[in-house]
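Engineer: Quick one: the structure is below, and I'll ask about it shortly.
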Amino acid sequence: MWANLEGVFNMDQATFIKTYATNRLNTNSLKWDALGVRYGNPDLLPMWVADMEFKVPEQVTTALTERVAHGIYGYSFTPDSYYDAFINWEQQRHQLTLQKDWVRFGTGVVNSLYAIVNAYTQPGDAVMILTPVYYPFFDAIQDNHRQLVTSELINDDGHYTMDFADIEAKIKANEVRLFIQCSPHNPVGRIWTAEEETKILALCEQYGVLVVSDEIHQDIEIDPENHPFISALTVADGRFQDQVIVVNSPSKTFNVACLLNSHVIIPNADLRATYDAFMQRYNQTEVNVLGQTAGQAAYEHGGAWLDQILAVIRDNYHYLQTEFSEKTSKIVVADLQGTYLIWLDLRAYLDPATTREFIQDKCGLAVDFGEWFSKNDQGFVRLNLATDPKYVHQAVQNIISCLAQLNK
Ligand SMILES: Cc1ncc(COP(=O)(O)O)c(C=O)c1O
């Protein structure tokens, strides 16, 4: 599939990991160097924050190095070559046909979610999310004084589905104006099927609800044969494009989050005009030249690197699944279809109120805790699998041995 791209790797996995896995201590890494501040213990093994311990594709480093060597970083615009690389990526990987004039740029997906909430709703308007979900979704709604409406996903032994009856009842009862979807869904790992997407988008259409689909994890497909990612813009041959805005970014796919370059994709001309008018009043920044240099190189040359990363993530996931099912079979491991974030239910072993103490003080791990994603989810933890397998092995073994100690 990627034979037309330069830089195809022939590395075996061990060589790939050796070449790309990197020590991040003392680099002002939020994940590694802020543990003391965030968790009160600098010595924890960090399995939180959704970024990777792997260096970016070599061509990205080369493109950045060349751009930096120029020595001038004045105001820039987005070249056609960036649009071409991005649009080509979406077409090849996701059969998503984009037009250049649909695309706007942001300095991060969360930032764009805040802008979208403000551009399309008024204070007091109802905005819906499906919980548990990435916690800045709550913030984007509540920091802007909108009414938070949540519908809980149905959890069937770690496989999560949407509760359509509850969603419809809540849309009606609260006159929901905006629905923020996470697709693939962080933290439960679902890639929504075409049927699920058609159903939720049709419901939103029926009740005049605008949809913003956060597709930042679009490229992290664990089993694409059986669970391919489907953009909200391609569902039902694009039938819902007039009511959908997609936000995405190269940041998760290529580990470039802090280069602050993301996309807001708005096919509908009226919605675009509303967005542009809002941004004209509140946001006058130019694009990030290094972010776009990296993004273009990544979309042009990073496919083979991504395929190697996906193989590492899959192996990490299978290791964790196998170890837990053999040694601590009552941990419920979510059905990971998309994202590199694994959602674990520890409630069969722990009083949920003791989860934090157990994970931090006994296991020595820094994780994202369930209650950050939903007030009902104490007892769950989220671990990042886009890392050197040695860290995943250590985290898994720590949990297994500390659970064994608990039961003595
Ligand atoms: C669903 C989702 N949206 C957005 C983000 C963050 O995006 P950004 O860093 O571009 O604001 C994350 C990071 O984990 C995420 O999981």
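Engineer: Among the aspartates and glutamates, which have Cα under 19 Å from the Cα of Lys330 when same-chain residues fewer than 8 positions away are ignored?
Structural biologist: Asp156, Asp157, Asp345, Asp351, Asp377
Engineer: May I have the count of lysine pairs in the range 73-300 with C-alpha atoms under 29 Å apart, counting pairs 8 or more residues apart or located on different chains?
Structural biologist: 5
Engineer: Normalised by the number of residues in the range 73-300, what is the relative contact order in percent for Cα pairs under 8 Å and 6+ residues apart?
Structural biologist: Across the range 73-300, relative contact order equals 25 percent.
Engineer: Let's test the formula: R0 of 30 Å, r as the Cβ-Cβ distance of Asp12 and Ile72. What FRET efficiency results, to the nearest 0.05? Could the numbers behind the result be given before it?
Structural biologist: Values: r = 41 Å, r/R0 = 1.37.
The computed FRET efficiency comes out at 0.15.
Engineer: Still on this structure, please answer the following. Keeping the other protein chains in place, figure out the carbon and sulfur percent of the accessible area of the chain, with a 1.4 Å probe. Provide the component values of the computation, followed by the final result.
Structural biologist: Details: 8440 of 17210 Å².
About 49 percent, which is the carbon plus sulfur part of the accessible surface.
Engineer: Another question, if that's okay. Would you mind computing, in nm to one decimal, how far apart the modelled labels at Asp101 and Arg38 are, each placed 7 Å from Cα along Cα→Cβ?
Structural biologist: Distance between label points: 4.2 nm.
Engineer: Could you give P(r) for the range 1-110, binned at 10 Å from zero, as whole percent values over all Cα-Cα pairs?
Structural biologist: The percentages, shortest bin first, are 10, 26, 35, 25, 5.
Engineer: I'd like the distance separating the alpha-carbon centroids of the range 189-216 and the range 101-129, in whole Å.
Structural biologist: The range 189-216 and the range 101-129 have Cα centres separated by 16 Å.
Engineer: Cut-off under 20 Å on the C-alpha distance; same-chain residues fewer than 8 positions from Lys390 excluded. Which lysines are left, in chain and number order?
Structural biologist: Qualifying lysines at Cα under 20 Å: Lys18, Lys31, Lys55, Lys327, Lys362.
Engineer: Work the Kirkwood hydrodynamic radius out for the range 73-300: mean of 1/r over every pair of different alpha-carbon atoms, inverted, in Å. Mind dumping the intermediate values first?
Structural biologist: On the way: mean 1/r = 0.0559 Å⁻¹.
Kirkwood hydrodynamic radius for the range 73-300: 17.9 Å.
Engineer: Moving on to the next point. Using a 1.4 Å probe, what is the accessible area per residue for the range 73-300, in Å²?
Structural biologist: For the range 73-300, the solvent-accessible area averages 40 Å² per residue.
Engineer: While we're looking at this one, here's another question. Work out, step by step, the length gained on full extension between Leu30 and Val49: first 0.36 nm times the residue separation, then minus their alpha carbon distance; give nm to one decimal.
Structural biologist: Value of the extension gain: 6.1 nm.
Engineer: In the chain, what percentage of the DSSP-assigned beta bridges are antiparallel, given to the nearest 5?
Structural biologist: So the antiparallel bridges in the chain amount to around 50 percent.
Engineer: Taking 7 Å along the Cα-to-C-beta vector as the label spot, tell me the Glu326-Tyr135 distance in nanometres, rounded to one decimal.
Structural biologist: Simple spin-label model gives 3.4 nm for this pair.
Engineer: Moving to a separate point now. Points 7 angstrom from Cα along the Cβ direction at Asp223 and Asn376: gap in nanometres?
Structural biologist: Placing both labels 7 Å beyond Cα along the Cβ direction yields 2.6 nm.
Engineer: So for the range 73-300: antiparallel DSSP bridges make up what percent, rounded to the nearest 5?
Structural biologist: Antiparallel: roughly 35 percent of the beta bridges in the range 73-300.
Engineer: Taking the full set of protein chains and a 1.4 angstrom probe, give the accessible area of Glu58 in square angstrom, rounded to the nearest 10.
Structural biologist: 120
Engineer: How much length would be gained if the chain were fully extended between Glu286 and Gln206, taking 0.36 nm per residue of separation minus their Cα-Cα distance, in nm to one decimal?
Structural biologist: Values: separation 80, 0.36 × 80 = 28.80 nm, distance 3.73 nm.
25.1 nm is the gain from fully extending Glu286 to Gln206.
Engineer: For the range 268-298 and the range 358-408, write down the distance between their C-alpha centroids in whole Å.
Structural biologist: 38
Engineer: Rounded to the nearest Å, what's the spacing between the alpha carbon centres of the range 10-77 and the range 161-188? Just the number, please.
Structural biologist: Answer, in whole Å: 35.
Engineer: Right, next: How high is the relative contact order of the chain, given as a whole-number percent (alpha carbon pairs under 8 Å, six or more residues apart)?
Structural biologist: On the way: 716 pairs, mean separation 91.8, N = 408.
About 22 percent, as a whole number.
Engineer: Please compute P(r) over all alpha-carbon pairs of the chain, binned at 10 Å starting from zero, and give each bin as a whole-number percent.
Structural biologist: Histogramming the chain at 10 Å steps yields 4, 22, 32, 27, 13, 2, 0 percent.
Engineer: If you stretched the chain out fully between Arg239 and Glu152, how much longer would it get, using 0.36 nm times the residue separation minus the C-alpha to C-alpha distance?
Structural biologist: Numbers: separation 87, 0.36 × 87 = 31.32 nm, distance 2.65 nm.
Result for the pair: 28.7 nm of gain on full extension.
The values are calculated or read from the model by the stated rules, or taken from the named source; none is laboratory data. Computed from a prediction, not measured in an experiment: that's the story for all the values here. With ideal geometry, Cβ positions are generated from the backbone for all residues, glycine too; neighbour counts draw on all protein chains shown. The area values use the complete protein model at the heavy-atom level, side chains included, leaving out ligands, DNA and RNA. Shrake-Rupley method; radii C 1.70, N 1.55, O 1.52, S 1.80 Å.
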